[in-house]
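Below: one structure, written as structure tokens.
The values are calculated or read from the model by the stated rules, or taken from the named source; none is laboratory data. Only a predicted model underlies this, so the values are computations on that prediction, with no experimental measurement involved. What goes into the accessible areas is simple: the full protein's heavy atoms, side chains included, and nothing from ligands, DNA or RNA. Shrake-Rupley method; radii C 1.70, N 1.55, O 1.52, S 1.80 Å.
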Amino acid sequence: MSFWPTKEHWSVEIPVRTEHYLCPALEETGFVALSPYPGEIPEHEYLGLEYMDWKSGGDTNFAPLASADGQLDCRGFWDKGKTDKDALWTSNADKAPTLRDYVTSVGANFGRVRIIKLEPQDRETAIRSIHRDDNNRFNPEDQGWVVRSWLELTDNPDSYMLLMDCGPDGLPDPATEVRLPLHRGARFVLDTQRMWHVVVHPGEAARYALITSYESGPVLERWIAAERA
């Protein structure tokens with residue numbers, strides 16, 4: 001492998017853990033697999049949205065469904081002086097009622113909600129974009145740790161979310177590698193501020209998924225317990 005992140009990588013400076021409350025299901029491994037989504041998502045609810053050229057984890061575009069101020073904006077909430085919670089729906093949400101209802105059905109406080117469109121990339125290319133997320137900037141420590149959920153919208157059984165925990169040097173530890181398959185309807189919740197992650201997508205067409213930030217707490221815990229695989 002020709003590339004591996006170094007201590008100069010921007011992710012290393014992000015706190016791995018603080019005093020924020022974290023859902024117990026995520027404490028041990030940093031992720032939890034959920035049962036497959038039982039319904040159908042109409043293709044027009046993710047193909048017919050307004051996408052923005054925003055790079056994260058590879059050659060990506062994003063369609064914001066909820067943002068810090070309801071605008072079609074992919075930037076971190078901290079650019080608006082907010083933590084990644086208390087989001088407002090964008091104009092895209094009106095075009096995706098099934099996805100909007102799915103997000104709100106969880107019941108937990110949510111932040112950014114986005115559809116990711118990822119172009120194909122092999123493992124070596126994907127590793128160049130492996131990273132951790134800065135989910136809790138400005139988040140008061142007496143509140144819940146912000147984590148992220150995924151719902152796969154297209155069927156890519158040969159693709160996978162590559163996860164690695166932090167080693168003692170703060171860099172991804174290959175001995176902790178986990179691969180989460182990305183078939184249509186696959187769902188999982190990740191502590192993406194702790195876990196290094198990126199998607200390996202060797203397919204021939206773009207992959208689409210719904211990504212939502214949620215605040216840890218009793219409501220999210222009950223949903224995870226009810227939806228676990």
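Of Ala206, Ala93, Ala186, the residue with the greatest mean-square motion in the GNM of the chain, using alpha carbon springs below 10 Å, is Ala206. Derived scalar couplings between HN and Hα for the stretch 150-166 equal 10, 9, 6, 9, 10, 9, 9, x, 8, 9, 7, 7, 8, 10, 9, 7, 6 Hz in order, rounded to whole Hz, by the Karplus curve 6.51 cos²θ - 1.76 cosθ + 1.60 (θ = phi - 60°), x for Gly and Pro.
Put simply, the amide H of Arg228, placed in the peptide plane, has neighbours under 5 Å in Ser35, leaving out anything fewer than 5 places away on its chain. Beyond 19 Å, what share of the Cα-Cα pairs of the stretch 43-147 is found? Please give it as a whole percent. That fraction is 49 percent.
The mean accessible area for residues of the chain, using a 1.4 Å probe and ignoring ligands and nucleic acids, is 44 Å² per residue. A simple rule links phi to the HN-Hα coupling: the Karplus curve 6.51 cos²θ - 1.76 cosθ + 1.60 with θ = phi - 60°, which for the stretch 88-99 gives 10, 5, 9, 5, 5, 5, 5, 8, 9, x, 5, 5 Hz, with x for Gly and Pro. Determine the share of the stretch 139-229's accessible area contributed by carbon and sulfur atoms, expressed in whole percent, with a 1.4 angstrom probe. On the stretch 139-229, the fraction of accessible area on carbon and sulfur atoms equals 50 percent.
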